[in-house]
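The block underneath contains the structure these notes are about, expressed in structure tokens.
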Amino acid sequence: MNEFNLDQTSVRELNAALHNPDLAVNESSWKITNSKGRHAVAVGIDATLDVQINGHVGYYCAGMNKKALVTINGHCGAGVAENMMSGTVRVKGNASQYAGATAHGGLLVIDGDASSRCGISMKGINIVVKGNVGHMSAFMAQKGCLVVCGDAGDALGDSLYEARLYVRGKVASLGADCIEKPMQEEHRAELQALLDEAEITECSANEFRRYGSARKLYNFTIDNVGAY
């Protein structure tokens, strides 16, 4: 196992090592200690690594992740897993604003709560939050799923495109063009698979409600898309 103590090694040196293909081939397990709220830890990974961060981190941890499993054993600042492409990022604590912003793929699991704008402009990522999410979560979300096992704040799904939102608890208010939609078998199957992948056993897909776009803000009517 490669071990990095960030009291002795800089974040720049750590990230350079994580980007080194020779190290990635020879050793897939990484342990990072004394993170102490430092920013941009473990960003830009493009290898099947298992990275354990023991401590809290600042903004943009695990940003642009591809293929790696990154576990944060603590809380994280703004923009965790921002622009992630694939792999899995798991936060054992709480997450600050815009977790998973603009991410195109992979799975982000937050064991605690997420702050405002969780999943903003998400483009294919799946996000599972065991606790609550703040206001304007899934703002302009385009693709993927946001699963909230707790409550959602105001303006959920504002200006939503085609992402699917599943909420178990209360929703303070829905944003522009976001409406509740029926839960069909395909949605229950999709949701249950995400809960299983996130290792959440405290609830089942039958306890959730589904929200999506009313498609009233589009520049064309989706029912007539063949005419364009």
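The values are calculated or read from the model by the stated rules, or taken from the named source; none is laboratory data. Note that this is a predicted model, so its numbers are computed, not measured. Here the Cβ is made from the backbone with ideal geometry for all residues, glycine too, and neighbour counts use every protein chain on show.
General observations
- The residues in the range 191-206 that are assigned to a helix (DSSP H, G or I), within 16 Å of the chain's Cα centre (by Cα) and surrounded by 15 or more Cβ atoms within 10 Å (Cβ to Cβ) can be counted, and the count is 3.
- Checked against the criterion of being without any contact (Cβ under 8 Å) to a residue 24 or more places away in the chain, more than 25 Å from residue 39 (Cβ to Cβ) and acidic (Asp, Glu), the range 136-151 has at least one qualifying residue.
- Of the candidates 40, 47, the single residue that is at positive phi and in contact (Cβ under 8 Å) with a residue 24 or more places away in the chain is 40.
- Contact map, the range 177-197: residues that are over 19 Å from residue 157 (Cβ atoms) paired with residues that are part of a helix (DSSP H, G or I) and modelled with pLDDT of 95 or more, Cβ distance under 9 Å, separation 6+ or inter-chain. Pairs shown: 188/205; 188/206; 189/205; 192/205; 192/206; 193/205; 195/205.
- Output for the range 154-171, where each listed residue is buried (at least 20 other Cβ atoms within 10 Å of the Cβ), touching a Ser or Thr at 6+ places or on another chain (Cβ under 9 Å) and under 17 Å from residue 187 (Cα atoms): 163, 165
- Entirely in the range 12-76, the strands (runs of 3 or more DSSP E) that have 3 or more residues that are under 18 Å from the mean Cα position of the chain (by Cα): 50-54, 69-72
- Among the candidates 95, 81, the residue that is buried (at least 24 other Cβ atoms within 10 Å of the Cβ), on the phi < 0 side of the Ramachandran plot and not assigned by TED's automatic domain parsing to the domain that holds residue 212 is uniquely 95.
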